[in-house]
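Visitor: Take this structure, written in structure tokens, and hold onto it; I'll ask about it next.
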Amino acid sequence: MGFIAAFQKNRTKIWVGAVTLLLVFYLLVSFQRSVLLLLDTNLTAKAIGAAYLVLPIIGAWAMIRELMFGARTEQMARVLEAEGGLPVDDLPRTPGGRIVRAAADQEFEKYRIEAETAPDDWRSWFRLSCAYDAAGDRKRARASMRDAVRLFRSKLPA
């Protein structure tokens, strides 16, 4: 496999890695600046340094949480693919490449019923998340995927 083929296959992971590295750099600089402000003798600078210290902590927490979410989602997709349970992406598309909303809404009903029938099965929530995403509802897609991750983690051997 050539360099270009490897890049195209792993493009998303490469971009996630690049953005993560930039975020880590930003968090380290923010942390260093907050420490410098905390060491200043001026009380106002100390207060700003203390407030500024919160940003890298929240940023690191959010970054780790999102990376773990992505890794678990990828793990679940591999399991479903091995089982032959991934939803097939055969919905009609517009000339611009977007999924036709009416077709996605019709397909969505099948996965909604499946999730209602098997609420404790992470697989049904994973597929429902894909259906929400196809229908353009990213907020509910993410919430359903979080439910799938929670159920998947509860089924893993300790």
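Read-outs throughout are calculated quantities, based only on the coordinates presented, and are distinct from any laboratory measurement. Treat the numbers as computed from the prediction; the structure is a model and nothing was measured. Here Cβ is always computed from backbone atoms with ideal geometry, including for glycine, and neighbour counts include all displayed protein chains.
Visitor: How many nm separate the modelled label positions at I58 and D121, each set 7 Å beyond the Cα in the direction of the Cβ?
Guide: That separation, rounded to one decimal, is 4.1 nm.
Visitor: Further question: Going down the list K9/K110; K13/K139; K9/K155, which pairs span over 26 Å between their C-alpha atoms?
Guide: On the way: K9/K110 31 Å; K13/K139 22 Å; K9/K155 30 Å.
Over 26 Å apart, Cα to Cα: K9/K110; K9/K155.
Visitor: Here's a follow-up. When the chain is treated as a GNM, springs tying every alpha-carbon pair under 10 Å, which of I99, I64, I14 comes out with the largest mean-square fluctuation?
Guide: The residue with the greatest mean-square fluctuation here is I14.
Visitor: Between G96, G136, G70, find the one with the highest GNM mean-square fluctuation for the chain; connect C-alpha pairs within less than 10 Å.
Guide: In this elastic network of the chain, the residue with the biggest mean-square fluctuation among G96, G136, G70 is G96.
Visitor: Going by how many other Cβ atoms sit within 10 Å of their own, how do R142, R123, R11 line up, fewest first?
Guide: Details: R142 15, R123 19, R11 10.
In increasing order of surrounding Cβ atoms, one gets R11, R142, R123.
Visitor: If you compute Kirkwood radius over Cα pairs in Å for the structure shown, which of (i) 18.1; (ii) 15.5; (iii) 18.9 do you land on?
Guide: (iii)
Visitor: In the neighborhood of G85, defined by Cβ-to-Cβ distances under 9 Å, what is the net charge if each Lys or Arg adds +1 and each Asp or Glu adds -1? The partial results should precede the final answer.
Guide: On the way: positive: R123, R127; negative: E81, E83.
Value of the local net charge: 0.
Visitor: Another question, if that's okay. Need the list of aspartates and glutamates near K46 for cross-linking: C-alpha distance under 13 angstrom, and skip anything on the same chain fewer than eight residues off.
Guide: none
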